[in-house]
Amino acid sequence: MLYPHAMTRLIHELAKLPGIGPKTAQRLAFHLLTLSESEVGKIAEAMLEAKHKIGFCEICGQLSESSVCPICTDSNRCNGMLCVVEEPKDVITLERTRVFKGQYHVLGGAISPLEGTGPDDLRIKELLSRLQTGSFTEVVIATDPNVEGEATALYLSKLIKPLGIRVTRLARGLPVGGDLEYTDEITLGKALEGRVEF
Amino acid sequence: MNLSCLELKHFRNYNNLIINFSPGMNIFFGQNAQGKTNLLEAVSLLCLGRSFRTRKDSELIQWGSEAAFVRGTFVDNGLEDVIEIGIGEGQKKFKQNGHEVKGTALFSQVPVVSFAPDDLQLIKGGPQLRRDFLDLYLAQLDPAYRVTYYKFYKILQQRNRFLKEVRLVNRELEVWNEQFIDAGLKVICSRIQLIEKIKPYIKAAHEQISLNREALNLDYLSFGSHIIREPDDKKLRELFQNELARVSREEFERKLTLVGPQRDDLRITIGDQIDIRNYGSQGQQRTAALALKLGMIDILKDVREMPPLLLLDDVMSEFDNDRKQALLSLLLSSSQTFLTSTGRSDFPIEASVNTVFYQVIKGAVIHES
Ligand SMILES: Nc1ncnc2c1ncn2[C@@H]1O[C@H](COP(=O)(O)OP(=O)(O)O)[C@@H](O)[C@H]1O
Ligand SMILES: [Mg+2]
Ligand SMILES: [Zn+2]
C-alpha cells in the first residue's frame with residue numbers, strides 16, 4: 001500500500017464513477033486534497049443534498065423533488081400519448097425539443113441479459129398498469145437505437161399491442177442539415193426503411 | 001480479500017439468487033444435483049474469469065436463457081470491489097466497479113485454490129489434466145503467463161489449420177515453425193521456471209501429510225519425455241527444431257502439430273524416482289494430489305501476499321473423523337472457505353459468525369440460523 005489508507009479509499013471510490021479511470025481518479029483525489037476544507041465540504045454536501053432531496057416520480061419514474069413530478073401534474077399536457085424512455089436524462093433531451101406534449105415513462109434502463117438486466121428489473125409492470133388504467137391511445141417507444149434498446153422496444157410492443165393501444169417507434173433517419181453523400185450506410189438504410197408519405 | 005456477496009441470474013440451475021457470505025467458513029449442504037457445486041463454480045468464475053470445471057462458457061447459461069450473469073462484491077481492507085460477468089452465446093463481458101475490463105484483469109485480483117474428488121485424476125489421468133492444472137495455477141502466480149500462453153495457443157491453431165489445408169509436404173511450414181518455436185519455448189521456459197518455484201512448497205506439503213515421509217518430486221517432460229529442468233533457450237531451441245524435423249512427415253499425414261508444450265506433461269515421482277501415476281498405490285496417489293493443492297495455497301500466499309479463497313467440493317466425506325477435525329481447524333484459521341457436502345453431519349462444528357451453514361435445495365439457498 002503506497003498511499004495512506006484514506007487516500008487509497010478516496011481514489012478507489014472516485015474510480016467507481018462512470019468515465020473515470022484510475023489515473024483520473026488519482027488526479028481528482030490530489031486536487032481535492034489541495035482544496036480548503038470548506039471547498040471540499042461544499043462538494044460533499046452538494047452530493048449528499050442531491051441524494052437526499054431527489055427521488056423518483058411515483059408515476060413516470062423521472063427524477064423529482066416531489067412525489068409526483070411537474071410533467072405528471074401538468075394538466076395542460078395531453079393524456080393520450082405516452083413516451084417510453086430508458087433513462088431520466090432522455091426525458092430532458094426530449095423536452096428540449098418542445099415537440100412532444102404527452103406524458104413520459106422512464107424504464108430505468110434497457111433489457112440486457114449480459115449485464116443482468118431483465119424485464120423484471122425495469123419499470124415495466126408500472127408501465128402496464130398505467131396503460132390499463134389510463135386513457136392512452138398511443139405509446140411512443142423512444143429507447144436507444146442499439147441492440148439493447150431495440151430488444152426492449154420489441155419486448156414492449158409485444159406486451160402493449162394486445163391492449164389495443166397504438167405502438168410507435170421513434171423514426172431513424174438522416175441528420176437535419178446533413179448531406180446524403182456523407183451519411184453512413186446503416187443510417188441511410190434505416191432512413192429508407194422508415195420513409196414516409198409526402 | 002474476501003467475497004461478501006454473490007448474485008446470480010440465469011446461471012446453471014439458479015434463476016435469481018442473492019447471497020451474503022461469511023469472511024470465514026461457508027458450508028453448503030444438500031442432496032445431489034441441487035446446485036452446490038454450481039455455487040463454487042460461480043465463485044471460481046469471479047476469481048479466474050472462467051469456470052474451474054468447464055472451458056465451455058455456454059454451459060453456464062441456464063437452459064432456455066439468453067445469458068448468464070454473475071455479480072460478486074469483494075472486500076479488502078474495508079474497500080469494496082464489484083465484479084460483474086455476463087456470459088452470452090459466444091460472448092463474455094467483464095466489469096469492475098461499473099467499468100468494462102478485460103477478463104485477464106480479473107486474474108490478478110483474487111487467488112483461488114479448489115479441491116474436488118476428481119483431483120485424484122491429476123495423478124491418474126492423462127497429461128491434459130496436469131497441463132491444465134499447471135496453466136491455471138501458473139497464471140495465478142504470474143499474470144503474464146496467461147498472455148504468453150494465449151499467444152502460443154493462437155499460433156498453434158494457425159499451424160494446425162495450415163496442416164489441415166495443405167495436401168503435400170510443404171516448405172511453407174517453415175514460416176510457421178519459426179513463430180511456433182519462439183512462442184512454444186516461452187511457454188516451456190515459463191513452466192519450467194515456475195515448476196522449480198512451486199516444487200519446494202509441494203514437497204513440504206507432501207511431507208506433512210504423507211505417512212511414510214517419502215519425498216515427492218516434480219519434473220517437466222517435453223519433446224517426447226525429455227526431462228527438462230533448466231530453461232536453457234539455446235539447447236531447447238535445438239531440441240525443438242530437431243523434434244519438429246523428425247515428425248514433419250507424420251504431421252502432414254495426421255494434419256496435427258505433434259511437438260510442443262501442448263503435448264508436454266508433468267511427471268510426479270516419489271521416493272527413488274518412482275512414477276506415481278503408474279506405480280503408486282491409491283493412498284499414495286491421493287496424498288500426492290492433495291499435496292499439489294496444499295502446496296499451491298502456500299505459494300499463492302507468499303507470492304500474491306494474500307491468502308487464496310478455498311473451494312472444497314464434496315471432499316469431506318473422503319476423510320475419517322480425525323482428519324476431518326484437523327482439516328476443519330486448519331480451514332478455520334486460514335482464509336475464506338467455501339465447502340460443499342451432502343451431509344450436514346460431515347461438519348462436527350458449531351455455526352458462528354465465522355462459520356455459516358446454508359442448505360441448498362433445487363437452486364435455492366437457505367441460510368441456516
Ligand atoms: N446450464 C444449466 N441450466 C440449468 N440447470 C443446470 C445447468 N447445468 C446444470 N444444471 C443442473 O444443476 C444441477 C447440478 O448442480 P450441481 O451444483 O452440480 O449439484 P450438486 O448439488 O450435486 O453439487 C443438476 O440438477 C443439473 O441439471
Ligand atoms: Mg456437486
Ligand atoms: Zn412524473
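Once the stretch B:97-109 is narrowed to residues that are over 22 Å from residue B:145 (Cα atoms) and surrounded by 15 or more Cβ atoms within 10 Å (Cβ to Cβ), the residue that is nearest to the other protein chains (Cβ to nearest Cβ) is B:97.
When only residues in the stretch B:86-105 that are closer than 12 Å to residue A:113 by Cβ and assigned to a strand (DSSP E or B) count, which is nearest to ligand 2 (Cβ to nearest atom)?
B:87
Looking at B:166, B:187, B:175, just one residue is closer than 25 Å to residue B:44 by Cβ and assigned by TED's automatic domain parsing to the domain that holds residue B:248, and that residue is B:187.
Residues are listed down the side, and each one gets a yes or a no for (1) surrounded by fewer than 15 Cβ atoms within 10 Å (Cβ to Cβ); (2) within 15 Å of residue B:265 (Cα to Cα); (3) polar (S, T, N, Q); (4) touching a strand residue (DSSP E or B) at 6+ places or on another chain (Cβ under 8 Å):
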| site | (1), (2), (3), (4) |
| --- | --- |
| B:200 | yes, no, no, no |
| B:236 | no, no, no, yes |
| B:240 | no, no, no, no |
| B:244 | no, no, no, no |
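The residue that is farthest from the other protein chains (Cβ to nearest Cβ), counting only those in the stretch A:132-152 that are surrounded by 17 or more Cβ atoms within 10 Å (Cβ to Cβ) and farther than 22 Å from residue B:84 by Cα, is A:136. Of the listed requirements (1) assigned to a helix (DSSP H, G or I); (2) within 16 Å of ligand 3 (Cβ to nearest atom); (3) of a type in the set (A, V, I, L, M, F, W, C), residue A:50 misses just one: (2). Would you check if there is a residue in the stretch B:60-79 being of a type in the set (Lys, Arg), open to solvent by 30 Å² or more (accessible area, probe 1.4 Å) and either under 29 Å from residue B:334 (Cα atoms) or away from chain A (no Cβ under 12 Å) (or both)? Yes, the stretch B:60-79 contains a residue that is of a type in the set (Lys, Arg), open to solvent by 30 Å² or more (accessible area, probe 1.4 Å) and either under 29 Å from residue B:334 (Cα atoms) or away from chain A (no Cβ under 12 Å) (or both). Taken together, the criteria exclude residue A:161 from residues that are away from chain B (no Cβ under 14 Å), part of a helix (DSSP H, G or I) and open to solvent by less than 80 Å² (accessible area, probe 1.4 Å). Annotation for the stretch B:39-51: no member residue is open to solvent by 20 Å² or more (accessible area, probe 1.4 Å), within 14 Å of chain A (Cβ to nearest Cβ), of a type outside the set (Phe, Trp, Tyr) and part of a loop (DSSP other than H, G, I, E, B).
The values are calculated or read from the model by the stated rules, or taken from the named source; none is laboratory data. None of the values given here were measured: they were computed from a predicted structure. Note that we place each Cβ from the backbone using ideal geometry, even for glycine, and neighbour counts take in every protein chain shown. Surface areas here come from the heavy atoms of the whole protein model, side chains and all, with no ligands, DNA or RNA. Shrake-Rupley method; radii C 1.70, N 1.55, O 1.52, S 1.80 Å.
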